[in-house]
Every structure is written in C-alpha cells, then in structure tokens.
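Colleague: Okay, here's the structure, questions in a sec.
Any read-out appearing in this document is the output of simple, stated calculations on the displayed coordinates, not a laboratory observation. Given the structure is predicted, the values throughout are model-derived calculations rather than measurements. Using ideal geometry, Cβ is built from the backbone for each residue, glycine included, and neighbour counts are taken over all protein chains shown.
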Amino acid sequence: GDSVTQMEGPVTLSEEACLTINCTYTATGYPSLFWYVQYPGEGLQLLLKATKADDKGSNKGFEATYRKETTSFHLEKGSVQVSDSAVYFCALYNFNKFYFGSGTKLNVKP
Amino acid sequence: NAGVTQTPKFQVLKTGQSMTLQCAQDMNHEYMSWYRQDPGMGLRLIHYSVGAGITDQGEVPNGYNVSRSTTEDFPLRLLSAAPSQTSVYFCASSYKVGGSYNEQFFGPGTRLTVL
C-alpha cells in the first residue's frame, strides 16, 4: 500500500543554519505531496504542496520539489529561525486517502 | 468561519465505556476524515467520508464507527473503549481541486485517555 517515510528526529539546529528533512514515498499512480507543520498543542497546518512531478512547493522560506524518479519530497530552508521550531509531517494524497509520515521534530536554538 | 471544530478537548474514559467525539466544519467541504496521532507513528487514518451518506475505512478502523448525515458533521464513535485507543484524535476536512482532494484543514484535536 501507499506510505510515507521521513527522517527521524529530533533535529537540533542553530538559528540561521540550513535545514533539510528527508521524505520518500511509495505510491501507485500520481499522488499529491504535502508538508504540514504542527506547533505544540495545535492541529496540523499546511506548509506547502506539490501536485505533479517536478512541481516545487514553497512557503515562508521553505521549499520542496516533487521528484518522481527518486520518489522524494525533501523539505529545505536556507536559514531557520527559532520560530520554526515545530513538528513537520510529510504526507501524500492518493485515491481519496491521505497518508502521513511519522513526523520530524525541529528544535532551533538562538 | 470557525473552520473545523472538535469537542471535547480532553476526555478520560474507563475501559468498556462508549463515547462520541464530535467534529463539525463550516466550509462546505465534501471530504472529512478522522486520524489518531500516536508518538512516533504520525497520523493514521481511521475513517473518511467523501460526502453526506458516504463513509469508508482508513488504515486503523477497528473499534471505531462513523456516520455522515450532513455535510457539516462527522462524529466518531468508540463503542467499547480500550486502553489501546488512548491517543490524540484529529478531524480534518478538504475540498476538491482539479478532481482530487487537496489541502486538509485540521481541528484542534481531542486528547483521549482510556484507563
């Protein structure tokens, strides 16, 4: 069945460091891919999305490119801030179902 | 718009008790879904619905029932609670773009403990 695998956390970075969170997927057909962010005590919020191969999603300095050849959708940011500290989830949509990765906790230190 | 609302925020049950988690959305979204979030396991789909009167199972449906009598409401029923159902439950809704469902809007969650 369809599934999402993302790197384990937690990831601890200093402010202004570069971020990459790896995400790979297994799916039939042509899924849509998403990154969601969850702040403590809250529900998930959409961060960015890509609906077809080679699309790049971007928002708030975060980017991810839908790579069908490597079945990946890695999340990147060039310079993280303390306010980026949260849990990040990679997800895919296919045939009426959404599948989520296990989440990666990011801690950014001043 | 209130978005997606869930009640209650917290609940403690004893093994064998039943309860209903409420979920409502005011965005006229066709798609609604329930997830449970457990440490290290991300979100797992319990049940989903693509419209009033239509429901289907997700990855972990056992022990849970749902119904969708209106577009707005999608309650989740635990018929006989078990400690393994201790989790945080999220409801979400979505709409179609270009023939497929897209961004999901999540409620604030219900933290359930079963003793």
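Colleague: Which aspartates and glutamates have a Cα less than 19 Å from the Cα of A:K68, not counting those fewer than 8 places away in the same chain?
Modeller: Of all the aspartates and glutamates, those that pass the test against A:K68 - Cα under 19 Å, at least 8 places apart if same chain - are A:D2, A:D54, A:D55, A:E76.
Colleague: Could you check the simple spin-label distance between B:K96 and B:I54, using points 7 Å along Cα→Cβ, in nm with one decimal?
Modeller: The two pseudo-label positions are separated by 0.7 nm.
Colleague: Which value in nm describes the separation of the simple spin-label points at B:D26 and A:F95, placed 7 Å from the Cα toward the beta carbon?
Modeller: Once both label points are built, they end up 3.7 nm from each other.
Colleague: Arrange the following residues from fewest to most other Cβ atoms within 10 Å of their Cβ: B:V88, B:V4.
Modeller: B:V88, B:V4
Colleague: Obtain the nm distance between the two label points defined at B:V12 and B:S67 by a simple spin-label model: each point lies 7 Å from its Cα along the Cα-to-C-beta direction.
Modeller: 3.0 nm
Colleague: Just to confirm my numbers, what's the Cα centroid distance between the stretch A:3-45 and the stretch B:57-100 in Å?
Modeller: 23 Å
Colleague: How large are Rg and Dmax for chain B when only the alpha carbon atoms are used, in Å?
Modeller: For chain B, the Cα radius of gyration and maximum Cα-Cα distance read 13.5, 45 Å.
Colleague: Over 28 Å between C-alpha atoms is what I'm after, so list which of A:K77/B:K9; A:K56/B:K9; A:K60/A:K109 land there.
Modeller: A:K77/B:K9; A:K56/B:K9
Colleague: In whole Hz, what ³J(HN,Hα) sequence does the stretch A:85-100 give by Karplus (6.51, -1.76, 1.60; θ = phi - 60°), x for Gly and Pro?
Modeller: Calculated HN-Hα couplings, in order: 4, 4, 9, 10, 10, 8, 8, 10, 10, 7, 6, 6, 10, 10, 10, 10 Hz.
Colleague: Picking from A:G78, A:G29, A:G61, which is most flexible by a Gaussian network model of chain A using Cα springs under 10 Å?
Modeller: It is A:G29.
Colleague: In addition: Among the lysines, which fall within straight-line cross-link reach of B:K96, defined as a Cα-Cα distance under 18 Å, with same-chain neighbours fewer than 8 residues apart omitted?
Modeller: Partners found: A:K49, A:K52, A:K97.
Colleague: Determine, for A:F34, B:F105, A:F95, A:F100, the number of other Cβ atoms within 10 Å of each Cβ, and report the residues in order from fewest to most.
Modeller: Numbers: A:F34 27, B:F105 20, A:F95 11, A:F100 23.
The fewest-first ordering by Cβ neighbours comes to A:F95, B:F105, A:F100, A:F34.
Colleague: Applying the Karplus parametrisation 6.51 cos²θ - 1.76 cosθ + 1.60 with θ = phi - 60° to the phi angles of the stretch A:39-55, what ³J(HN,Hα) value in whole Hz is obtained for each residue in order, glycine and proline being reported as x?
Modeller: For the stretch A:39-55, the Karplus-derived couplings read 8, x, x, 10, x, 7, 10, 5, 9, 7, 8, 8, 10, 8, 4, 6, 5 Hz, x marking Gly and Pro.
Colleague: Let me check I have the definition right: for chain A, take the eigenvalues of the Cα gyration tensor, multiply each by 5, take square roots. What are those semi-axes in whole Å, largest first?
Modeller: They are 23, 14, 12 Å, listed from largest to smallest.
Colleague: Shifting gears a bit: What translational diffusion coefficient, to the nearest whole µm²/s, does the protein assembly as shown have by Stokes-Einstein, given a Kirkwood radius computed over alpha-carbon pairs, a temperature of 4 °C and 1.567 mPa s viscosity?
Modeller: For the chosen part, D equals 72 µm²/s.
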